[in-house]
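Quick note: the coordinates plus some simple rules give every number you see, no bench work behind them. Bear in mind the structure is a predicted one, so any value in this text is a computation, not a measurement. Cβ atoms come from the backbone with ideal geometry, glycine included; neighbour counts cover every protein chain shown.
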Amino acid sequence: MNNAEFFAQEPEAPDAVDSAADVETAKTVLETALLTAQEPMSLNELRRLFADELGVDTVRRLLEDIRGSWAGRGVELINVASGWRFRAKPEMQSFLDRLSPQKPPKYSRAVLETLAIIAYRQPVTRGDIEEIRGVTVSTNIVKALETRGWIEVIGHREVPGRPALYATTRQFLDDLGLRSVEELPPLEDLGALVDTSSAAPLLPQTTPPEPVATVDEARAIPEVVASTAEQVDPLDSPLDPASHESPSEDGPRPETDR
């Protein structure tokens, strides 16, 4: 978008961008803030750079203009759940990895399956996850996902014991470069997306290593979730509390993850 096109748009309210020089200055300020920020920046945070003198629509148009000007480069401006940020394009990651002696973190099949079930069937309880996977969910896996900031407790199911309901977080969406859960990739691609994210290892180094999921195993996760489609409700309908209670401590429990 050139400056003439920018000014041709209907302004939402009087603001400080009233000349071509002001547009370029505002874009430079936004670029500087975003390139040096450690976390995504929301529109309200970006407006504070201009003492709130620029409207939300004006800032958004400036951001879209900046995004266009970076097209074709190795870095791109994206809009995620928590706001806007610059990131290296995925196709550049293989080159950047050569600068680090550490290999990208690998996630166990148990971690990927648990994360996939929460992401695509949220909100769910541990009992729901165990019913789908057929094994007891390790407390270490749940705590690791919580520590990573990818899942959180959003409430409790109103059944005996009031089990916690888990859902994914904004941090999870930010790390995967998404704005909402509606942008989640096809289930078979989730393992690859998580594997290529720049997230830190989920499990502490002191924890005995779990079997690492291969690419083929990660792609097999959809079968694990889909294989119980008749046992759990569809994604667009609420879970039936009566059919998803967590297993009783006195009753038989499924096999534990090893």
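Brief remarks on what is shown
- Cβ-based net charge around Thr169, under 12 Å, with every Lys or Arg adding one and every Asp or Glu removing one: -2
- Panel values: region 39-121, Kirkwood radius from alpha carbon pairs, Stokes-Einstein at 4 °C and 1.567 mPa s, translational diffusion coefficient 82 µm²/s.
- For region 16-162, the number of Lys pairs separated by eight or more positions or lying on different chains, with C-alpha atoms closer than 28 Å, is 5.
- Under the Debye formula (equal points on every Cα, no solvent term), log10 I(q)/I(0) of region 62-102 at q = 0.16, 0.19, 0.22 Å⁻¹: -0.48, -0.63, -0.75
- Based on every Cα atom in region 130-181, Rg and the maximum pairwise Cα distance Dmax equal 12.7, 38 Å.
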